[in-house]
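This is the structure, below, for whatever I ask next.
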Amino acid sequence: MTTLIAGTHAVQMDEACFGLYEQNLQSPGSRGWRRYQVILVVRNDKVAEMRRDLGPAKAFTAPQFRIPGGVRDETTGRIEILHTVGELHDIAEHLRDGRVAEPEIERTDFLAAYHDERDQRRRARRRLSQFGRLHKTQRSS
């Protein structure tokens, strides 16, 4: 089941915003792909949508993104707004310019961790002490 959302032509920067996203969509008349900024605002207890054409999709190096500005309770249908249009617009500017760094993911060597765990258990069973530059385990007999 699809939901029909009301459209709007203008939004205010201090208006309650349910979300903002930038997406590459087919332009009207099928004249190519364009980047659109979609802003979802709350008006009269309903969500209204405004779309801005930002230009050809090829001109953007930043990936498509979604920024939530509020949450909806599925049981009651109540919407709680957490941000304004201005706040989400500023976040979108940072994301589009690529100023947000990707989080660095630490690589884990599971094979080495597995063998270290087995070695530690074997040493504990045999009551062997272990000395190293960064670690010391001394077991009594």
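Residue under question is P28, and the condition is that it be under 27 Å from L82 (Cα atoms), in a loop (DSSP other than H, G, I, E, B) and not β-branched (V, I, T); does it hold?
Criteria not met by P28.
Pairs needed: first member in the range 77-95, in contact (Cβ under 8 Å) with a residue 24 or more places away in the chain; second member anywhere, among the aliphatic types (A, V, I, L, M) and part of a helix (DSSP H, G or I); C-beta distance under 9 Å; at least 6 residues apart or different chains.
H83/I91
Here's a follow-up. Looking for something loosely packed, with under 13 Cβ neighbours inside 10 Å, touching a strand residue (DSSP E or B) at 6+ places or on another chain (Cβ under 8 Å), without any contact (Cβ under 8 Å) to a residue 12 or more places away in the chain and not charged (D, E, K, R) - is there at least one such residue anywhere in the range 22-43?
Within the range 22-43, one or more residues are loosely packed, with under 13 Cβ neighbours inside 10 Å, touching a strand residue (DSSP E or B) at 6+ places or on another chain (Cβ under 8 Å), without any contact (Cβ under 8 Å) to a residue 12 or more places away in the chain and not charged (D, E, K, R).
A further question follows. If T108 passes every condition in (1) polar (S, T, N, Q); (2) touching a residue at least 12 places away in the same chain (Cβ under 8 Å); (3) farther than 18 Å from T8 by Cβ; (4) out of contact with any Phe, Trp or Tyr (no Cβ under 9 Å at 6 or more places or on another chain) but one, which one does it miss?
(2)
Given the criteria assigned by TED's automatic domain parsing to the domain that holds V71, charged (D, E, K, R) and in a strand (DSSP E or B), does D14 qualify?
For D14, the condition - assigned by TED's automatic domain parsing to the domain that holds V71, charged (D, E, K, R) and in a strand (DSSP E or B) - is not met.
The values are calculated or read from the model by the stated rules, or taken from the named source; none is laboratory data. This one's a predicted model, so the numbers in the text were calculated from it and none came from an experiment. No Cβ is skipped: glycine too gets one built from the backbone with ideal geometry, and neighbour counts run over all protein chains shown.
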